[in-house]
1. Given the criteria in contact (Cβ under 8 Å) with a residue 60 or more places away in the chain and either aromatic (F, W, Y) or surrounded by 20 or more Cβ atoms within 10 Å (Cβ to Cβ) (or both), does W156 qualify?
2. Run down N161, N214 and say which single residue is in contact with a strand residue (DSSP E or B) (Cβ under 6 Å, 6 or more places away or on another chain), in a loop (DSSP other than H, G, I, E, B) and at pLDDT 95 or above.
3. Just need a number here: residues in the range 137-165 that are under 19 Å from G193 (Cβ atoms) and within 12 Å of the ligand (Cβ to nearest atom).
4. Give me the pairs: first residue in the range 69-83 and under 12 Å from G55 (Cα atoms), second residue of a type in the set (F, W, Y) and more than 9 Å from the ligand (Cβ to nearest atom), beta-carbon distance under 6 Å, and six or more apart or on different chains, which are they?
5. On the given criteria, is E196 within 16 Å of the ligand (Cβ to nearest atom), farther than 19 Å from L300 by Cα, of a type outside the set (S, T, N, Q) and assigned to a strand (DSSP E or B)?
6. Being surrounded by fewer than 20 Cβ atoms within 10 Å (Cβ to Cβ) and farther than 22 Å from T189 by Cβ narrows it down to one of N139, N101, so name that one.
7. If I filter the range 59-69 down to residues being crowded, with 19+ Cβ neighbours inside 10 Å and under 12 Å from A293 (Cβ atoms), which single residue comes out as modelled with the highest pLDDT?
Amino acid sequence: MHLLSKLRLHHELNAIAVDPQCPDYDDDGYESSGSCGSSVASLKSTVHEYIIENGRRYHAYFGVDKSITPTDEIEQDRLDIHHEIMLLLLEGELHQAPLENPRKILDVGTGTGIWAIDMADKYPGSKVLGVDLSPIQPNWVPPNCRFTVDDVEAEWSWRSNTFDFVHIRNLVHDIHDWSKLLSELYRCTRPGGWVEIAEMGGELLSDDGTLADNHPTKRCWDLLTAALRATGREPATGTLLNNILSAAGFEEIEVVAVKQPIGLWPHDKRLKTIGKMGMLNIQLGTEAYCMAALTRILKLSVEAAREICRDGVAAVCDPGVHMYNFFYIAYARKPKRKDDDHDEATDSVDADYDSDDEAWEDETAFGQGLEVHHTPLSARPA
Ligand SMILES: C[S@@+](CC[C@H](N)C(=O)[O-])C[C@H]1O[C@@H](n2cnc3c(N)ncnc32)[C@H](O)[C@@H]1O
């Protein structure tokens, strides 16, 4: 039995104080004014590797069912907004694992690559590789950051014991088999290296009963969870993250749970900003997360799914509802080898590790997926 071994509770686990002066969300002073009920605009694309469904562009190259969320510009903007929310939530930290000069970093399901780029800037002595199903990363990146296109649910082509740090964020909706993914991740992590999985909890909550069970925004979240469960995918909890890490063989597991408020209701200024961005996240993300789940999996009509999403977005603009969700961050370590300080076994790991430096220089060898050629910043014209 895997129990949540060490649940390190973040200070925000206390109830978030409500701002008694919280204005009505229709007041003109807020940028969100007027946009609460609007649905997301449709995009047109002629890119044949994608499909357009209900006005959104979805990944198709590795299979339409690989991901339920679109890859279009609206979703890319939302991913970048969520990255900012995470930075605010974690007070500027890009990771919780106690890293010491990581040399090789992998970002699994990198999306727009914004975390990988920030990590490359934070650790200029490292090499950061981001992998995703879709080439939606920018062209101008730090010289120590690269991207590759691949399906991480397939067997990994990277050598064993390669990465000092492997990072996963917001992938829970797309992963069908965590044990297969984690076993490849474990194999490719260096002994003594770290892994971190950061996932949004699937439950919308309130501490003071202001979020009714039949609240339309909560309904969207609950239907999304039902759709994922129907395809064997469980929503993220601290226990789930702890268990998959433990089952893969990782040690020193820590789980941090952080409350992510949604709405302008928190009294604290930082949390109010997070809540405001959380509203925007819901406005941009509800159709992104729910349309494919509700129509493809739960077989609702497009009209019914749209109405559920529209109601969910509109209802998020009620300042009397003090809703939040948890964000879970779990990090853990691959056990060091016995006598790891210096022996033959370690030397052979180091030899493999160093020979990968040459592979890094040869872009096509480092990962054997489709390579997306990004131009390092150092090659920019002056
Ligand atoms: C919700 S986004 C999160 C992006 C990024 N991790 C972040 O936090 O900003 C999920 C990303 O995972 C990618 N993804 C989903 N399944 C994948 C797979 N099997 N292999 C590689 N990438 C995958 C999607 O294409 C999408 O870009």
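The values are calculated or read from the model by the stated rules, or taken from the named source; none is laboratory data. Since the structure is predicted, the reported quantities are computational estimates derived from the model, not experimental observations. Virtual Cβ from ideal backbone geometry, glycine too; neighbours counted across all protein chains shown.
1. no
2. N161
3. Looking only at that region, the number is 2.
4. If the second residue must be of a type in the set (F, W, Y) and more than 9 Å from the ligand (Cβ to nearest atom), the pairs left are P70/Y58.
5. Working: within 16 Å of the ligand (Cβ to nearest atom): yes; farther than 19 Å from L300 by Cα: yes; of a type outside the set (S, T, N, Q): yes; assigned to a strand (DSSP E or B): yes.
Answer is yes for this residue.
6. Only one candidate passes the filter, namely N139.
7. Among them, the one singled out is T69.
A quick yes/no check of all residues on (1) more than 14 Å from the ligand (Cβ to nearest atom); (2) on the phi < 0 side of the Ramachandran plot; (3) outside any loop (DSSP other than H, G, I, E, B):
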site	(1), (2), (3)
E75	no, yes, yes
R78	no, yes, yes
H95	no, yes, no
N101	yes, no, no
L106	no, yes, yes
I117	no, yes, yes
G125	yes, yes, no
